[in-house]
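Visitor: Got a structure here, written out as structure tokens. Questions coming.
The values are calculated or read from the model by the stated rules, or taken from the named source; none is laboratory data. What you are looking at is a predicted structure, and each value in this text was computed from that prediction instead of being measured. Ideal geometry is used to build each Cβ from the backbone, glycine not excepted, and the neighbour counts take in all protein chains shown. Protein only, heavy atoms only, side chains kept; ligands, DNA and RNA dropped before computing areas. Shrake-Rupley method; radii C 1.70, N 1.55, O 1.52, S 1.80 Å.
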Amino acid sequence: MTVKLKPVGFYSDTEVGERGQPTLESSRGKFTGPVDKLVPYLRSAHFVAVSGSGVHDDLAPDKPLIGALSIHTDGVWVWPSSYPYYVETYQADVPVELLDLASSYRWVPPKIPDDADFDERMPF
């Protein structure tokens with residue numbers, strides 16, 4: 001049996017959301033950990049997919065562009081490129097297990113070969 005990646009940041013009330021996932025609105029203001037260490041970890045993790053589409057701040061009234069949509073992983077967790085933005089900007093919730101893993105890696109995501117195949121491990 002293939003172990004699925006654990007999804008985080010695919011908020012059901014955002015443009016990259018998935019049904020059954022928490023809402024961004026309910027997640028905001030919950031993270032009080034080391035944003036300055038976790039956000040670079042999330043942003044520098046392995047790219048699983050890169051899209052030509054943009055992703056926007058779904059909480060801001062004018063919905064400014066955050067950047068290009070991509071999907072990242074550290075080999076255990078998977079998240080959209082908007083997730084570190086929401087952690088940094090709105091202190092979106094971070095699972096303790098993800099925080100512990102990032103800390104165990106000393107805030108540097110593991111190197112994953114470019115040809116790694118995550119198709120069967122994607123949770124959606």
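Visitor: Over all pairs of distinct alpha carbons, what does the Kirkwood formula give as the hydrodynamic radius of the chain, in Å?
Guide: Numbers: mean 1/r = 0.0681 Å⁻¹.
Answer for the chain: a Kirkwood hydrodynamic radius of 14.7 Å.
Visitor: When the dipole is taken about the Cα centre of the chain, and only Lys, Arg (+1) and Asp, Glu (-1) are charged at their Cβ, what size is it in debye, to the nearest 20?
Guide: 280
Visitor: To continue, here is another question. Roughly speaking, to the nearest percent, how much of the chain's 1.4 Å accessible area is carbon and sulfur?
Guide: That share works out to 52 percent.
Visitor: Share of Cα-Cα pairs in segment 66-124 beyond 14 Å, in percent?
Guide: Values: 1087 of 1711 pairs.
Looking at segment 66-124, the distances longer than 14 Å represent 64 percent of pairs.
Visitor: So if each residue of separation counts as 0.36 nm, and I subtract the Cα-Cα distance between Thr23 and Ala60, what length gain in nm does that give?
Guide: Roughly 11.8 nm would be gained on extension.
Visitor: For Ala116 and Glu97, compute 0.36 nm times the residue count separating them, minus their Cα-Cα distance, and round to one decimal in nm.
Guide: So the chain would gain 4.5 nm between Ala116 and Glu97.
Visitor: Moving on. Probe radius 1.4 Å, ligands and nucleic acids left out: which of Leu38, Leu99 has the largest accessible area, and how do the rest follow? Don't skip to the end; give the middle numbers.
Guide: Details: Leu38 0, Leu99 40 Å².
Correct descending sequence by accessible area is Leu99, Leu38.
Visitor: Which order, highest average first, do 71-79, 41-49, 16-24, 116-124 follow once you tally other Cβ atoms within 10 Å for each residue and take the mean per peptide?
Guide: Details: 71-79: 21.8, 41-49: 18.1, 16-24: 15.2, 116-124: 11.8.
Ranking, from highest mean packing down: 71-79, 41-49, 16-24, 116-124.
Visitor: Give me the distance between the Cα centres of segment 64-109 and segment 1-35, rounded to whole Å.
Guide: If we compute the Cα centre of each part, the gap is 10 Å.
Visitor: In square angstrom, what is the accessible area per residue of the chain with a 1.4 angstrom probe?
Guide: 56
Visitor: Across 5 Å bins from 0, what is the distribution of all Cα-Cα pair distances for segment 8-50, in whole percents?
Guide: Histogram of Cα-Cα distances, whole percents per bin: 5, 19, 19, 23, 26, 8.
Visitor: While we're on this one: In whole Å, what three semi-axes, largest first, describe the equivalent ellipsoid of segment 10-78 built from its Cα gyration tensor (square root of 5 times each eigenvalue)?
Guide: 19, 17, 14
Visitor: How many lysine pairs does the chain hold where the Cα atoms are under 25 Å apart and the two sit 8 or more places apart or on different chains?
Guide: Count of close lysine pairs: 6.
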